[in-house]
Each structure stands twice: as C-alpha cells, then as structure tokens.
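What follows is a set of notes on a single structure, which appears directly below.
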Amino acid sequence: MVSSSHDRAAAELFADLYADLAGWCRRLVDDDGTAHEIASEAFTRLWMHWTTVEEPRGFLYVTAANLVRDHWRRTDRERRAMRRAGTEAALARQQAGAEASVPVRLIVQSMPEKLRTVVLLYYFADLPVRDIASLTKRREGTIRGDLHAAREYLRAVLGERCDHTR
C-alpha cells in the first residue's frame, strides 16, 4: 500500500510541475527538445531518490539547473572546438539555422577512434598536448599530427556539407 501512495504522489507531482519545469528550462536553453530532455532527466533523478528527498520541487529545480549548466558547458566546448578547428563560418551557418548543418559532436563521433580520442581530450576536455601524450602513452608530436589530421577531417566534412547547402 505504501508503494501505491508513493506512486500516486509521484504522478501528482509530475502532473503539477513538469510543464513549469520544462518551460523554465526552455527559457534557459532556448530549445524545446533540450528543455524537455532536461526536465525529464530531473524527474528521473528524483524518482531514483524519491524516498530520501524531503523537498521534491527544490530537488527538481536544482537538478535541472545543474543539467542546464552542463548543457551550456558542453555547448561552449563545442563552439571552442569549432573555432580552434577553423570552422567559424560553419558555426555561423549552424547558429543561423541552416537545416543541413550537423552538430560538431556528430562529426567527431564519426572520426576514426585515434583522432576522436585526441579531439575529445584536447578540444572538449581542454587538456594540453603534453597531458594527452601521457594519458595515451604516445609522443607529443604524434598527438599534434593527429590534431592536424582531425582538423583536416573536420574541414573536409564541414566544407562538403556547407557546399551542399548552397
């Protein structure tokens, strides 16, 4: 019987707060899909701690704020990576809403693993070449070569996609 009352309380909380929480997230991330993902994730995390959370509304908003902050950081890292790779023009087109543009993270995911690892560590985690070489047990010159190859890969893919949008 306790489970049923907890389930009912959780369902009522969801019905009462989900739309407000998703709307609040929407104002922060300026994207409906991302806002709903964040709100849903906040509720999922609440359900995982349902029996120990004293103030569910506060928990939801703090969790959503943390998820929004993570989203902003990830977005900022993507933008920095694009600038470092010399793709500022592609970023401008993506921000202008070009329908054919592909997020950099999808292009990075399509890279060979050797390049992808270096790109993620250098551009997204902001690690210096020296640290990447140590972590991957490879020479610094090899890491620099892989970064160059990754930038060329990005330029080729983004250039090809940009040419198709014209």
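Taking every alpha carbon pair in the range 37-79, what does the distance histogram look like in 10 angstrom bins from 0, in percent?
Reading the bins upward from 0: 31, 45, 18, 6.
For the range 1-72, would you read off the P(r) tail past 21 Å as a percentage of all alpha carbon pairs? Each step should come with its number before you reach the end.
Working: 596 of 2556 pairs.
Distances greater than 21 Å cover 23 percent of the Cα pairs.
If the chain between TRP47 and LYS114 were fully stretched, how many nm would it gain, using 0.36 nm times the residue separation less the Cα-Cα distance?
On the way: separation 67, 0.36 × 67 = 24.12 nm, distance 3.85 nm.
Contour length minus Cα-Cα distance gives 20.3 nm.
Testing the spin-label approximation: label points 7 Å from Cα along Cα→Cβ at ALA156 and GLU12. State their distance in nm.
About 6.1 nm, to one decimal.
Quick one: length gained pulling ARG57 to GLU37 fully straight, 0.36 nm per residue minus the C-alpha distance?
On the way: separation 20, 0.36 × 20 = 7.20 nm, distance 1.73 nm.
Value of the extension gain: 5.5 nm.
Throughout, read-outs are computed from the coordinates displayed, never taken from laboratory work. All values reported here derive from a predicted model rather than from experimental measurement. Cβ coordinates were reconstructed from backbone atoms using ideal geometry, including for glycine residues, and neighbour counts include every protein chain displayed.
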